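Shown next, in structure tokens, is the structure this report addresses.
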Amino acid sequence: MKPDPGCKLSTMLFMIIEYFKNHDAAAVGARFQARGRMLPEGVSYHTSWIDETGARCFQVMEASHRSQLGPWLEAWSDLVDFEIVPIMTSKDFWASRR
């Protein structure tokens, strides 16, 4: 059965807080320049910010399930410790409360 093109699959947003091991942003930057973001299929990158000290990065990712982040987390786990927070837009949050 073909998926209905008008039907959007349910996805979740995640705030990924990356803590650079040894505060080594240079190592993370070098890998990113050499290999790119290395996202697995089904995971979308939205945007990111890095704190002023260069010790942490905050990224918004989208996937249908948290488990899809696994290969990406594994690819960076030698350089980064992760905190993963499921999030939703303010609009969606307030709409769900009605």
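Bear in mind that the values in this text are calculations on the coordinates, not laboratory data. Note that the structure is predicted; figures quoted are calculated from it, not measured. Backbone-built Cβ (ideal geometry, glycine too); neighbour counts: all protein chains shown.
Odds and ends about this structure:
- Cleavage-rule hits, GluC sites (Glu not before Pro), the range 31-70, DSSP coil, Cβ neighbours within 10 Å at most 12: Glu41, Glu52
- Rounded to 10°, Cα long-axis angle of helix 25-35 versus longest principal axis of the chain: 60
- For the range 12-89, convex hull of alpha carbons as volume per residue, Å³: 85
- Residues Phe32 and His65, FRET efficiency given R0 of 25 Å [Cβ-Cβ distance, rounded to 0.05]: 0.50
- Segment Thr53-Thr89, extension gain: residue separation times 0.36 nm, minus the distance between their alpha carbons: 10.2 nm
- Residue-averaged 222 nm ellipticity for the chain, from DSSP H runs of 4+ at -39500 (n - 2.57), nearest 500: -7000 deg cm²/dmol
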